[in-house]
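One structure below.
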Amino acid sequence: MCGIAGEFRFDGLPADMATLDRITRHMAQRGPDASGLWAQGSLGLGHRRLKIMDLAEASGQPMVDAEAGLSLVFNGAIYNYPQLRAELEGLGYRFFSGGDTEVVLKGFHAWGEKLLPRLNGMFAMAIWERDTHRLFLARDRLGIKPLYLNRTDQRLRFASSLTALLQGDGVDTSINPVALNHYLSFHAVVPPPLTLLNGIEKLPPGHWMRVESDGSSQQQRWWDLEYGACADEQSLSFDDWQERVLDSLRASVKRRNLAAVDVGVLLSGGVDSSLLVGLLREAGAEKLQTFSIGFADVNGEAGNEFQYSDLIAEHFATEHHQLMIPEQEIIAQLPSAIGAMNEPMVSHDCIAFYLLSREVSQHCKVVQSGQGADEIFAGYHWYPQVDQAADPVAAYQQAFMDRSFAEYQQTVSPGWAKHDYAGDFIREHFAQPGASSGLDKALRLDTKVMLVDDPVKRVDNMTMAWGLEARVPFLDHEVVELAARVPGRFKLPDNGKYVLKEASRKVIPAAVIDRPKGYFPVPGLKYLEGSTLDWVTESLTSQRALERGLFNPGYIDTLLSDPKAHITPLRGSKLWQLAMLGLWLDAHNL
């Protein structure tokens, strides 16, 4: 797990290593253990290292293999690298290090882009081909690891962090109107390749890009997700599907326990994270550490789920850490959490993950986390609505989108209300082949787009702010592909995730499975008041905000007149959403 960066010049000049050094140093928190820079003429690579798989210096990056004519920077973890290494050794390859990085390098030499489907893991990579003067970039199937691009006619820069690219010159930081519409409409999800800034894109998940020395490039999708049971699965019973789901998760959790350091679990007390603890114990994990976070109760709503996380910790005899955060610390740390965001995010979970990661990083370097289960096994409330609707697109939009296009036109200044880009995106996604039912179309959209640019991005940003590697077993591609084949009638009952819940009974206590679905507020953020409301008000009414001219002042006044009254369908504050954009722009002087 690391931070990667690079510059590829198209104008005959050597790579600007001073700028690349600034970009790389900006990602020090992603890789606090070591750093490296390397250049060959027009190409420069930078790396920050977090030592997880192999602690030896031989696995340092940038990694150069003169015999193969390849150089690599790589961010992520390849869980099946021992098997791939054995296969490569059978082909005659010799290794000078013991980790996964060199396996990626030599695997690319052996198989080119056909290496990617062989990889089980999370990754973003850049490989320089010395003899052809070409740069190869790739991102994992589900975008667990980020890769941002800043391209001009003269050069291409890339990095694991959007804000790191801002350390270089020549970045167009003006707001992208299409991305703004997505952010304010699609629950802050800005689909790739867009970001909110015109000058920075992100490589889509499951894609590779090959860049030539003249700046021309080719981009291709190398993985996609098909929905519906295969021919030989049509007759499977509910019990059969349970067994397959549990076996797939067992393998995924065991793979993700591969490390040269201790692995912990972020334990919320819900089914997903509790199951990870149980499966790790099944796999023989010893000295298992678990971590839970909670807040004070607010307006009669529970601010923690410790009764369930304590139950799991006691049942599986983990070394449990319970973190209770006072409201004043949330407010004090919120600016730092916003500064750690590559893109603005509206979920209250961000500050929770930020503070939890701070605690966890003092005890271990790797944690497993339960993100993705709701998206792949239909755990959200809108899936039954979509499944039963005569118009699945309209049902999805009504349940998930923060505002209609008509309200969007009221929200932004007239010059920004160009088109219903987010609505078009959803309609086009639903119309794509590969999923037949409305439910499967919604699951596909959430898995391939929403999941990547909301919960997955949130976890990466907040954990890496503290040099902590988060692994997500539910997003093993084999688990995701299996879940996509499970019939909807086995997912939707019992408020969703039915097949997962029933399979979990073989591993974890029923009290955790049969409990109400967890949700707890973050004080001061759900109920905007006091100093937090003052801060939000300042961010939206300051001279700087007025000069940006993004929002309709009349709409801002309406929200500020009664901050608690304007709530999105997903129980979020519309005022908070607008404020987060302004606060993020302020944090990065944009």
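Per atom type, region 384-529 shows carbon and sulfur on 51% of its accessible surface, probed at 1.4 Å.
Shape class for region 62-213, computed from the alpha carbon gyration tensor (a ≥ b ≥ c): prolate, with a/c not under 1.5 and a/b above b/c. Taking one quarter of the surface of the C-alpha convex hull of region 405-487 gives a mean projected area of 7.9 nm². Per-residue surface analysis assigns Ile23 an accessible area of about 0 Å², computed on protein heavy atoms at 1.4 Å probe radius.
Comparing Cα centroids, region 59-136 and region 361-425 end up 36 angstrom apart. In order along region 565-581, the phi-based Karplus estimate (6.51 cos²θ - 1.76 cosθ + 1.60, θ = phi - 60°) of 3J(HN,Hα) comes to 8, 9, 10, 7, x, 9, 6, x, 7, 5, 5, 4, 4, 5, 5, 4, 5 Hz; Gly and Pro are listed as x. The charge dipole of region 346-433, taken about its Cα centre with unit charges on the Cβ of Lys, Arg, Asp and Glu (plus for the first two, minus for the last two), comes to roughly 320 debye. Peptides 485-494, 575-584, 72-81 ranked from most to least packed by the mean count of surrounding Cβ atoms within 10 Å: 72-81, 575-584, 485-494.
For region 127-245, with all protein chains present and a 1.4 Å probe, just round the carbon and sulfur fraction of the accessible area to a whole percent. Can you show the working numbers first?
Details: 1640 of 4120 Å².
C and S fraction of accessible area: 40 percent.
Excluding same-chain neighbours fewer than eight residues apart, the lysines reachable from Lys418 by a Cα-Cα span under 30 Å are Lys202, Lys441, Lys448, Lys457, Lys564, Lys574.
Expressed to the nearest 5 percent, the antiparallel share of DSSP beta bridges inside the chain is 75 percent. Surface analysis of region 15-129 yields an accessible area of 35 Å² per residue, using protein heavy atoms and a 1.4 Å probe.
Please compute the alpha carbon radius of gyration of region 322-404, then divide it by the globular-protein estimate 2.2 N^0.38 Å. Two decimals is fine. Please list the in-between numbers first.
Values: Rg = 17.4 Å, N = 83, 2.2 N^0.38 = 11.8 Å.
Against the empirical 2.2 N^0.38 Å value, I get 1.47 for region 322-404.
What you get for the chain, charging only the Cβ of Lys and Arg (+1) and of Asp and Glu (-1), is a dipole of about 540 debye around the Cα centre.
Shown for region 1-111: the carbon plus sulfur share of the solvent-accessible area, taken with all protein chains present and a 1.4 angstrom probe, equals 51%.
Counting Cα-Cα pairs of region 356-409 in 10 Å increments starting at 0 gives whole-percent bin shares of 19, 29, 22, 19, 10, 0. The Rg/Rh ratio for region 1-48, using Cα coordinates for both the radius of gyration and the Kirkwood hydrodynamic radius, is 1.01.
At 1.4 Å probe size, with every protein chain present, just tell me what the per residue accessible area of region 246-342 comes to in Å². Display every interim value, and only then the final one.
On the way: 3900 Å² over 97 residues.
Roughly 40 Å² per residue, with all protein chains present.
Taking every protein chain into account, the accessible area of region 390-447 amounts to 42 square angstrom per residue (probe 1.4 Å). Residue by residue, region 187-201 carries 3J(HN,Hα) couplings of 6, 6, 8, 10, x, x, x, 6, 10, 5, 9, 4, x, 10, 10 Hz when phi is fed to the Karplus relation 6.51 cos²θ - 1.76 cosθ + 1.60 (θ = phi - 60°); x denotes Gly or Pro. One quarter of the convex hull surface built on the alpha carbon atoms of region 457-557 amounts to 11.6 nm², the projected area averaged over directions. In the chain, the C-alpha radius of gyration followed by the widest Cα-Cα span (Dmax) gives 23.3, 71 angstrom. With Cα atoms as the point set, the radius of gyration and Dmax of region 181-305 evaluate to 21.5, 62 Å. Most tightly packed first, judged by the mean number of other beta-carbon atoms within 10 Å of their residues, the peptides 91-100, 310-319, 335-344, 134-143 read 134-143, 335-344, 310-319, 91-100. Sorting 402-409, 197-204 by average packing, meaning the other beta carbons within 10 Å per residue, from highest down gives 197-204, 402-409. Computed over the chain, the per-residue total of -39500 (n - 2.57) for DSSP H runs of n ≥ 4 gives a 222 nm mean residue ellipticity of -11000 deg cm²/dmol, rounded to 500.
The values are calculated or read from the model by the stated rules, or taken from the named source; none is laboratory data. These figures come from a predicted structure and were not determined experimentally. FYI the Cβ positions are ideal-geometry reconstructions off the backbone, even for glycines, and counts take in every protein chain you see. Ligands, DNA and RNA are excluded from the accessible area calculation, which covers all protein heavy atoms including side chains. Shrake-Rupley method; radii C 1.70, N 1.55, O 1.52, S 1.80 Å.
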